[in-house]
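Visitor: Right, I'll just put the structure down here and ask away after.
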Amino acid sequence: MTARGEKLIIGQRLKALRQSLGLTQAQMAAELGVSASYVTLIEADQRPASAKLLMRLAEVYDLNVAELAPSMDAQLAADFSAALKDPALSGSGAPSRVEIEAVLQASPKIAAAFVKLHDRYREELVRPQAEANPLTDRDKVEALAEVSRPVEAVRAWFFAQKNHVDSLDRAAESLAEELALHRNEPHLALTERLSAHGIRARILPAQVMGDQLRRFEPHRTELLFSELLAQPSRRFQIGVLLARLERQEMIDRLVSGAGFSDPVTASLARVSLANYFAAALMMPYARFLAACESARYDVELLSHRFGASFEQTAHRMTTLQRPEARGIPFFFVRVDRAGNISKRFSAGRFPFSRFGGSCPLWNIHAAFETPGQVQTQVIRMPEGASYFSIARTVTRAGGSHGAPAQRWAIGLGCDVAYAPRLIYAEGIDLERMRPVDVGLNCYLCERPDCSARAHAPINRRLVVNERERSLAIFQFEGDPPPNRAGPAS
């Protein structure tokens, strides 16, 4: 199964894999069911590898497809391309995609250093204006948020770990086995564990808790829940507290090893790791992975089986990257109606933009039109990689008359090569299905004639045609003219 337009050049990686296995090209070809000449052409970078061949490699040699993808880091590629589009560099001429890929393949560390230097440059550029009035210019506010928020540093660390923290995951799995959560009533078992620490869990009326859903009071040794918090979220919050009570030293070591010097960033990292532990406790790795495979990653079914919410279950799926037992490398994103991204994680190669929202053509936005229903879509990024994506709305805890609960859309996806393993792809002819071309966001996307575009790309010069109006709002120098219908014959 090969997505249209997708070219995966993996010559050097395939050759290294073959040599590490002690195989000749003919032997590997026989095991894969292809011709030896095909293997020779791929290793020489004269032929791209199809998604079908990648899946065959993964099956025969027990590998993760993401490991066979081009060696460049997709997130680094996105960040590097975005930095090169800075208007301050426009005088040197925009490099082509081929030139950018050549740098990323040959010198990824230099590209990473350039991105870091560009971040520092933007920080120094916006600081004087921000100190005077941080709301005078939207682009400066976005740039300031990009470099100042601790959440970006924590997200980058999780991305570097492929969203899997093995030591913490195994500790949570061990505790789940000790508590026999798969045999006992989970909430009762978890509250009894809290009792062993001398802590009582209580549910209080919403008017007593105010806008708080959960509060731990150490001096009263009580964990207080609002009545608005659903049962899965109560279990999750008990898991968060147990992480602090029983695995604080492990969490502190992980934060220290990450090198977070800013106290706020370190605090956010500890919260994120405690949340990771709680999810791994509710959905222990081995049992959850086995259930995912047997249920073909049916998020709704698995959420019922493990007593978790749709969002918790989808997020947990992105963490299944234990070296000897990997799940599908999913990406996960959560957005609100305005397109603001409040969560994003990836176990694979999917690139995220650090500012500017997401592409309006991605069906995660259309999910709001059909609340509670799963939508499917195949999307294709500008570099040619295609992904299978599902999207569904979820409702935040809380909600009462006059104060409705907030609704988010959850997006979950993976490389299209994995789609046949998903129940959501059942009945879909992936060979014939045409991907929807999307971009990171309007600021960074250079696709011409896009009728959904909201902003001009930051490194392109506008062309204004006073005599015509087309579906696309913006036109740019160097773009082909819009399609025109011919005269009637």
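Visitor: Suppose each label sits 7 Å from its Cα in the direction of the beta carbon; what would the Ser37-Ala180 distance come out to in nanometres?
Guide: Modelled inter-label distance: 6.4 nm.
Visitor: Another question, if that's okay. On the principal axes of its Cα set, how long, how wide and how thick is the range 11-68? Give whole Å, largest value first.
Guide: 24, 22, 19
Visitor: Can you order the peptides 405-413, 384-392, 262-270 by their average number of other Cβ atoms within 10 Å per residue, highest first?
Guide: Result, highest mean first: 384-392, 405-413, 262-270.
Visitor: If you rank Asp119, Asp336 by fewest surrounding Cβ atoms within 10 Å, what's the result?
Guide: On the way: Asp119 17, Asp336 14.
Ascending Cβ contact count within 10 Å gives the list Asp336, Asp119.
Visitor: Taking the Cβ of each residue in Arg434, Arg253 as the centre, tally the other Cβ atoms inside 10 Å and list the residues starting with the fewest. Don't jump to the answer; show the numbers that get you there.
Guide: Numbers: Arg434 9, Arg253 12.
Lowest to highest Cβ neighbour count: Arg434, Arg253.
Visitor: Beyond a 21 Å Cα-Cα separation, which of these cross-linked pairs lie in this structure: Lys15/Lys116; Lys162/Lys343; Lys15/Lys162?
Guide: Listed pairs above 21 Å: Lys15/Lys116; Lys15/Lys162.
Visitor: Using R₀ = 25 Å, calculate the FRET efficiency as 1/(1 + (r/R₀)^6) where r is the Cβ-Cβ separation of Arg305 and Ser167; round to 0.05.
Guide: 0.45
Visitor: Also: Rank the residues Glu324, Glu99, Glu249 as a footprinting-exposure proxy: fewest other Cβ atoms within 10 Å of their Cβ go first.
Guide: The fewest-first ordering by Cβ neighbours comes to Glu324, Glu249, Glu99.
Visitor: According to a simple spin-label model (label point 7 Å from Cα along Cα-to-Cβ), what is the distance in nm between His197 and Met250?
Guide: 1.3 nm
Visitor: Set the Förster distance to 45 Å, then compute FRET efficiency between Glu99 and Ala295 from the Cβ-Cβ distance, nearest 0.05.
Guide: Working: r = 45 Å, r/R0 = 1.00.
Result of the calculation: an efficiency of 0.50.
Rule-based calculations on the coordinates, nothing more; no lab input. Note that the structure is predicted; figures quoted are calculated from it, not measured. Please note: Cβ atoms are built from the backbone with ideal geometry, for glycine as well, and neighbour counts cover all protein chains shown.
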